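Down below is the structure, laid out as structure tokens.
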Amino acid sequence: MEKKLQVKDLAISFRTQGGKVQAVRHIDFDLYKGETLAIVGESGSGKSVTNRAIIGILAGNSIVESGEIIYDGQDLLKIAEEDFHKIRGDKIAMIFQDPMSSLNPIMRVGKQLTEAMLLKSKASRRNARRNFNAKLELLNAHMDQVFGSAEQRAANKAKCKLFDEFCINSTKLESAYNEIHRTAVELKLDIENVLFLLSKKQPIDERKQLRHVIKLMPKTVHPDIVVMDDQLKADLAKLQQALNSLGLFGKVAALPEGCVEILQRFVQILDKAINRPKPNYFTLGYYMLKNPTANVDDMPIEELTAMTRKFLDEDFMLEFIQMGSKAIQHSHDVSIARKRALLAKTEEALEFFRADNLNKKAAIAYAKQLCAQVKFAIDRLNVVKSGAQYTFESGLMDAIKKYFGGIKNNPKEQARFERQTAKRNKLIARGKTPDWKVVPASIVDLDVARKNIRSVIHNLRHDYASEIELNDSFNSEAKVVELIDYLKEQASAVVYRVTPKMAKARALKLLEEVGIPDPAIRYRQYPFEFSGGMRQRIVIAIALAANPDILICDEPTTALDVTIQAQILELINRIKVERNLSVIFITHDLGVVANMADRIAVMYAGKIVELGTADDIFYRPAHPYTWALLSSMPDLDTKERLEAIPGTPPNMIFPPKGDAFAARNKYALEIDFEEQPPMFQISDTHFAATWLLHPNAPQVEPPRIVTERIERMSNREVK
Amino acid sequence: MAEKQVLLKVEHLEQFFRSGTYVNKAVNDVNFEVYKGEVFGLVGESGCGKTTTGRSIIRLYDITGGSVYFDGQRICAGTRTYKQAIRDAKAKAKAQIAAIKESQPADAEAQIAAINAELAQEIAKQKQLIKSAQYDHKNCNKVFAQYQQSLVTEKYQPMLDALPEGAEKEALTKEYKAALKLAGKDRIMNKMQMIFQDPIASLNPRMTVREIIAEGLIIRGITDKKYIDEQVYKVLDLVGLVPEHAGRYPHEFSGGQRQRIGIARAIVLNPELIIADEPISVLDVSIQAQVINLLNELRQRLGLTILFIAHDLSVVKYFSDRIAVMYFGKIVELTTSDELFAHPLHPYTKSLLSAIPLPDPHFEKQRKRITYNPLASHDYSVQKPYMQEITPGHFIYCNDAELEMYRKELEAQQ
């Protein structure tokens, strides 16, 4: 599976008056495409901090001690704020815990919903166009290098131009079709709803509904969806007549005769239209471009698709793919040759950074030069951005900065620490008890910092070596398909535009989707006019409005009640499947997680103590903290006294020496107070950090309440 | 089984909020009884009026209609139903008179006079009811204090009469007077206390824990500092805190400890009924368990009755004896907690139960959530629904046709 996000060795602390609070202590995890990763833990366990780091909104007093967060070939901890603007909210969206503080109190809800859509639409269209052009030009350039002659070059250029033209054209057609198709689906639901209410003899505003149908029905007319024939025209006229007879004001009379039948007919028409297979617009677009006068409306869809596909392949595509694959092969070969040369060069660099007396200026100049070369060696025609080469520059520069920062600041910090200690000792010697503590010195270990510089280069070398090794299995045909898919995706982003009207329609749709009744009224209200649950739904709607890649949910349902919670979880699940989202779900409620999560990470005191699939965590929990969490919540069959976890989490300014959970742990071993347990691997997917898993540890059974529950659960399955 | 003593009785409770011309019927005709020593759960989704019910009972709001009885005494009463009755009677009389004038019978005058007389009688009757409701609502504490004073007098008077004149009698008289004064400040509302949802917002950040807990005692009229301290330390001990905590401020405590302070404040006046308004929903899971265990212990040690308002059904199931399910200001089902979870009958209850998340991935993935659509589930065009008892102790809000249906369903289940 594709890794969407990688968190490596992340450590974050906060500078406070009492000293550094170690909020996150060296955690690693990956987020795969289309999966839900749940992070479970008590408040203060660092789960929110981790995710704030991912979205780049850490508080001002935070220090990133070490680590990388890699998304789309970028290290999110090191990129500039301007670059983050393009990712935050757009690619990675977040639903916050407290809906009141994450909504603007003086803006209407509708404005808040559509604001980002409208702003983003323009920017992302421009962006997509830029990406599209850049890739196509690059492809063209490589084609030129492969096929040298002058007329060939002109042909290449023409081919690329044609591809550009028809790609955009096709997506335009498709986008129009999708829009109308969506309207048809919505209208069908609306009419069905009206019919349902009428059949139940419930009061409805007939005038409003009729007006709605008359307005929307003509908008579903499209050669591939609904055809405007005489019957339809007559029906619409009849409805209009009925509407006129109802009058504008006053009491709503009953619906005139025949209207229900017309509405039922409409449902049938729409139903048929919706279930028709969708034509392949990519091929159809090319066909229409070449034969603008052709009439294809009456053709069956399958036949049409086959015909246009054949036409496209023979006329253009096969040749284009062949040329493209050659160009990609060429680009790859060039890149590999450069990487081979760089392998030797990096050897030198390792030596350079091993030298004892590094000069700051020289080191930075050298690093910049090296980074430029690494950048130059990247195969730009490769669509998937992964590996150390993309994060090399930010990583190396950061490591160097840290090292020289340490050289500069260490003596100062040491001096301060000594001064304060001396002062405190003096006060104590005088018989006073100072009510302040000495803030521990935060000193950069220069050896480690130096090692970090070299490890960045090592990582790059490792990546290069494995890439060169895999050179033989490079499949340029597959890559060209990948590239064309990428271009198609960008083209659809170019075509997809949001007008204020559309934004409003979408916002209303979203409001309805997240379960807000009367969206049209609610759209114009201020956040304070909503109840807590409603406010949270609006926050979710705003997060989804931008169509993100990764959705981070920070306890989105904690303040909501069960039915709403279930609805919101279902909503997130559905959207996840529809849009192939990756979700990070933070919560302290394990019950919520069971439904949502593919994998679960249990955090305690800034560390991941157990990581596994949902089944692993619920049916085979291994860490005492997970046991405690499971046993402290009642389920429907619990009768006995709950086993609460005694005490409170440790103070993270002075984290305990051994396992942080040892002091609250009934099953703590002696070694737990001495040394931190490493991650033990239990199965392919299941890891836990507890000494109980060590081969020499005594055998310990989980608490009775947990084992009984697991047994009950397995019995339930049998039923 | 001995007859259970009714501690709290809520009759036709109505709480409306007016915003402009729009009237929000937050609580609409709610009836229930809470027996002494039980935990009564009130569940429903947000906005269904469960918190408003709790707050109306403890008189944080003046109720619109209905009455609440505590230990047999009416503590709050609304007048809307009576006023509505007057309005209805007037309208009815007007219609009747109009009908008479239309048909012009021979004894029109006499008939109209009879109707007017009847109307006047009705109005007088309702006005009497309004008056008594207003009196009870305003003076419940006074009545209670007078009753307490009479108890004190009853206790001291024979002793005083028996004693001869002298220093001993003087001392006893003094004691009697002090007790009388204290009893005069006693209120029936002290017998009811509330635990709020948010322990951060409900504790005054400028008061120490001692001040927060002692505030109730001071308002109650106790001036003995030593006694107050004793009481504060006693309740701190009861809720699992230590006396050293008394001098600290709320911000120095963790969420669970703050909620314990809230509980300590509630129990310091020896209440009989605690209204716990979602006391655990903002706490962490591990702390939730601590607080539930604490409430359970207190309930057994102090014999408390608890009205437990929550939306977490698994907690309510674990903690409550009887549960009432609320939907849009009305109670739709009321029964013991085991019965409710074993045989839910009302479609809303079913949908609520089907939404409970369970810590079991396999079960969760197959789970079908039932959605409740009041328009589709009920047909009230023929007969309006009302509270009916389907089996002993199991009440459900439905009309006769539905009752038959539910009864059949219940039989099929058994």
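The values are calculated or read from the model by the stated rules, or taken from the named source; none is laboratory data. Just so you know, these numbers come straight off a predicted model, no measurement behind them. Cβ atoms come from the backbone with ideal geometry, glycine included; neighbour counts cover every protein chain shown.
Side notes on the structure shown:
- Sole residue being touching a Leu at 6+ places or on another chain (Cβ under 6 Å) and surrounded by fewer than 19 Cβ atoms within 10 Å (Cβ to Cβ), chosen from A:Arg129, A:Arg125, A:Arg211, A:Arg207: A:Arg207
- Test: residue in region B:250-259 that is within 14 Å of chain A (Cβ to nearest Cβ), surrounded by fewer than 24 Cβ atoms within 10 Å (Cβ to Cβ), at pLDDT below 85 and not in a helix (DSSP H, G or I): yes
- Odd one out for B:Thr51 among (1) in a helix (DSSP H, G or I); (2) at pLDDT 90 or above: (2)
- Answer residue from region B:270-291, given it is crowded, with 22+ Cβ neighbours inside 10 Å and away from chain A (no Cβ under 13 Å) and is modelled with the lowest pLDDT among those: B:Pro279
- Hits in region A:585-606 (condition: assigned to a strand (DSSP E or B) and either among the charged types (D, E, K, R) or within 11 Å of chain B (Cβ to nearest Cβ) (or both)): A:Thr587, A:Arg599, A:Ile600, A:Tyr604
- Among (1) outside any loop (DSSP other than H, G, I, E, B); (2) within 12 Å of chain B (Cβ to nearest Cβ); (3) more than 30 Å from B:Glu364 (Cα to Cα) - the single one A:Gly647 does not satisfy: (1)
Conditions tested, residue by residue: (1) among the basic types (Lys, Arg); (2) under 32 Å from the mean Cα position of the chain (by Cα); (3) crowded, with 19+ Cβ neighbours inside 10 Å; (4) assigned by TED's automatic domain parsing to the domain that holds A:Leu342.
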site	(1), (2), (3), (4)
A:Pro440	no, no, no, yes
A:Asp447	no, no, no, yes
A:Tyr464	no, yes, yes, yes
A:Asp472	no, no, no, yes
A:Asn475	no, yes, no, yes
A:Lys488	yes, yes, no, no
A:Arg497	yes, yes, no, no
A:Val514	no, yes, yes, no
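- Positions within region A:621-632 being assigned to a loop (DSSP other than H, G, I, E, B) and either within 11 Å of chain B (Cβ to nearest Cβ) or more than 13 Å from A:Phe680 (Cβ to Cβ) (or both), in sequence order: A:Pro621, A:Ser632
- Residue within region B:311-334 that is touching a residue at least 60 places away in the same chain (Cβ under 8 Å), within 23 Å of B:Arg187 (Cα to Cα) and of a type outside the set (D, E, K, R) present: no
- Any hit, region A:105-126, residues being of a type in the set (Gly, Ala, Ser), under 18 Å from A:His330 (Cα atoms) and not assigned by TED's automatic domain parsing to the domain that holds A:Asp549: no
- Any chance A:Glu393 is free of Cβ contacts under 8 Å to residues at least 40 places away in the same chain and closer than 30 Å to A:Ala478 by Cα: yes
- Some residue of region B:331-351 being over 29 Å from B:Tyr35 (Cα atoms), within 14 Å of another protein chain (Cβ to nearest Cβ) and aromatic (Phe, Trp, Tyr): no
- Only one entry of A:Lys47, A:Lys78 meets the criterion of being of a type outside the set (Val, Ile, Thr), over 20 Å from A:Ala543 (Cα atoms) and in contact (Cβ under 8 Å) with a residue 60 or more places away in the chain, and that entry is A:Lys78.
- Listed by first and then second residue, the pairs linking a residue in region A:652-677 that is surrounded by fewer than 16 Cβ atoms within 10 Å (Cβ to Cβ) to a residue that is of a type in the set (Gly, Ala, Ser), with Cβ atoms under 8 Å apart and 6 or more places separating them unless they lie on different chains, are A:Phe654/A:Gly19; A:Phe673/A:Gly658; A:Phe673/A:Ala662; A:Glu674/A:Gly658; A:Glu675/A:Gly658.
- In region A:98-115, residue nearest to A:Thr557 (Cα to Cα) [restricted to those that are crowded, with 18+ Cβ neighbours inside 10 Å and out of contact with any Lys or Arg (no Cβ under 7 Å at 6 or more places or on another chain)]: A:Ser102
Okay, residues lined up against (1) more than 10 Å from chain B (Cβ to nearest Cβ); (2) surrounded by 24 or more Cβ atoms within 10 Å (Cβ to Cβ); (3) touching a residue at least 60 places away in the same chain (Cβ under 8 Å); (4) not in a helix (DSSP H, G or I):
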| position | (1), (2), (3), (4) |
| --- | --- |
| A:Gln565 | no, yes, no, no |
| A:Glu570 | no, no, no, no |
| A:Val583 | yes, no, yes, yes |
| A:Ile608 | yes, yes, yes, yes |
| A:Leu636 | no, no, no, yes |
| A:Arg641 | no, no, no, yes |
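- Among the residues of region B:144-167, not one is surrounded by fewer than 16 Cβ atoms within 10 Å (Cβ to Cβ) and in contact (Cβ under 8 Å) with a residue 60 or more places away in the chain.
- Residue in region B:300-310 that is out of contact with any Ser or Thr (no Cβ under 7 Å at 6 or more places or on another chain), more than 14 Å from chain A (Cβ to nearest Cβ), assigned to a strand (DSSP E or B) and aliphatic (A, V, I, L, M) present: yes
- Verdict on B:Val315 being within 13 Å of chain A (Cβ to nearest Cβ), crowded, with 21+ Cβ neighbours inside 10 Å and either touching a Lys or Arg at 6+ places or on another chain (Cβ under 7 Å) or at pLDDT below 90 (or both): yes
- Scope region B:247-269; condition farther than 23 Å from A:Ser43 by Cα and in contact (Cβ under 8 Å) with a residue 40 or more places away in the chain; matching residues: B:Ala264, B:Arg265, B:Ala266, B:Ile267, B:Val268, B:Leu269
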